[in-house]
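The values are calculated or read from the model by the stated rules, or taken from the named source; none is laboratory data. Keep in mind the model is a prediction, meaning the values are calculated, not measured. Methodologically, a virtual Cβ is constructed for each residue, glycine included, from the backbone with ideal geometry; neighbour enumeration extends over all protein chains shown. Please note that ligands, DNA and RNA were not included when accessible areas were found on the heavy atoms of the full protein model with its side chains. Shrake-Rupley method; radii C 1.70, N 1.55, O 1.52, S 1.80 Å.
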Amino acid sequence: VLWAGWWSFAQQRLLLDSFTPALAWALAFVLASLSRHFWSERQQRWIKQAFSRYVSPNRVEYLMNNPGQLELGGKRQHCSFVFTDLEDFTALMESIDPSEAVALLNRYLEEMVSIAFRHQGTLDRIVGDAVAIMFSAPVVQVDHAQRALDCAMEMHAFATGYARDLQARGIPFGLTRFGVHSGEVIVGNFGGQALFDYRALGDTVNTAARLESVNKQLGTLICVSDATLSDCERPVPARPVGRLVLKGKKQALLVYEPLPEPLPAGHAPTALYQEAYDAMRAGDVMALALFERLHQRHPDDPLVALHAARLAQQEQGDLIVLSRK
């Protein structure tokens, strides 16, 4: 328009006002562009918020910043995992109104997942009342072991308090078991061109799940491997469970039970337990007497009862071979 006005004056000696319509069109373009920009930003925020309810927020953020990573394939990476499972929830569903049980479960899962997100964990999956959390993927975290342990301990504190409050109201809400393990896995997008599933594959994942399950046999609520505990710069107090040989495996895995503060009711003093454990590990004949004495004083301590029973059956050392998952 401006060029046409200049040409009319230069060639035809016609003085036309081309500035006003050019300015109007320019303003219309700017306003339309800004409107579309704000609408697009709002739509992207809505999409991000919506997908964050299905996928971990850090995963959504990572894909928005790295769209090229949305492709099939995986890579080797050192990660940590937290697996949880709620005991006896099926029985709870049968004993109270199902809608009430679902409401209680949703409240429980909401807080558990929120704790994981506060520690920058990636939600791997929710299966019923079980939760799997992954650390150091997709974004590498050098302190992933510490994050995983801290996350598990905060989850444990919440889950224990939540169950205690509901039990005080007469609702038989069960306790939560935890398994924590670290190691190398293959992490990436698996599936097909139509559907991606971002996941970690490898023995480390299976071991973390098995550590959660083995709590049922040990009587504990949290089992963390030495692979995780030794990588923590600020580990929580813990006592050794033993060198576990999980069913189907050949190599033993040193496992610990983290101890929240204050010490759970019924647990033996940590120093006395450690003294008895060291004697057992060394093959000292006095180990049985030490554990039996502890068991008499602290009959509700599950690990004391476990080792006292093992030693009474002529088992030696801290190697525990598990016959079932």
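Within the full protein context, the accessible area of residue 272 is estimated at about 70 Å² for a probe radius of 1.4 Å. Leaving out ligands, DNA and RNA, and with a 1.4 Å probe, what % of the accessible surface on the chain is carbon or sulfur? Within the chain, the accessible surface is 57 percent carbon and sulfur.
The loop-placed chymotrypsin sites (Phe, Trp or Tyr not before Pro) in region 234-325, going by DSSP, include none that has at most 10 neighbouring Cβ atoms within 10 Å of its Cβ. Solvent exposure of residue 257, expressed as accessible area, is near 10 Å², computed with a probe of 1.4 Å over the protein chains only.
For the chain, the alpha carbon convex hull comes to 212 Å³ per residue, rounded to a whole number. Report the far tail of the P(r) of region 258-322, meaning the percent of Cα-Cα pairs longer than 15 Å. The share of Cα pairs beyond 15 Å in region 258-322 comes to 46 percent.
For the chain, the per residue solvent-accessible surface stands at 56 Å², with DNA, RNA and ligands left out and a 1.4 Å probe.
Shown in residue order for region 234-250 are the 3J(HN,Hα) couplings computed by the Karplus curve 6.51 cos²θ - 1.76 cosθ + 1.60 at θ = phi - 60°: 9, x, 7, x, 8, 10, x, 8, x, 8, 8, 10, 5, 4, x, 10, 10 Hz (x for Gly and Pro).
The relative contact order of region 194-325, computed from alpha carbon pairs under 8 Å that lie at least 6 residues apart in sequence, is 26 percent.
Relative contact order for the chain: 14 percent, from Cα pairs under 8 Å spaced at least 6 residues apart, divided by residue count. For the pair residue 93 and residue 309 in one chain, pulling the backbone fully straight at 0.36 nm per residue adds 74.3 nm over the alpha carbon distance. Among 212, 110, the sequence by solvent-accessible area, most first, with a 1.4 Å probe is 110, 212. Straight-line reach from residue 216: taking Cα to Cα under 20 Å and skipping same-chain neighbours fewer than 8 places apart, the lysines in range are 247, 249, 325. Tell me the mean residue ellipticity at 222 nm calculated for the chain from its helices only (DSSP H runs of n ≥ 4, each -39500 (n - 2.57), averaged over every residue, nearest 500). Calculated at 222 nm, the ellipticity per residue is -16000 deg cm²/dmol.
Spin-label model, residue 27 to residue 39: label points 7 Å out along the Cα-to-beta-carbon direction sit 2.1 nm apart. Spin-label model, residue 2 to residue 325: label points 7 Å out along the Cα-to-beta-carbon direction sit 7.3 nm apart. Reported value for region 172-217: 100 Å³ per residue, from the convex hull of its C-alpha atoms.
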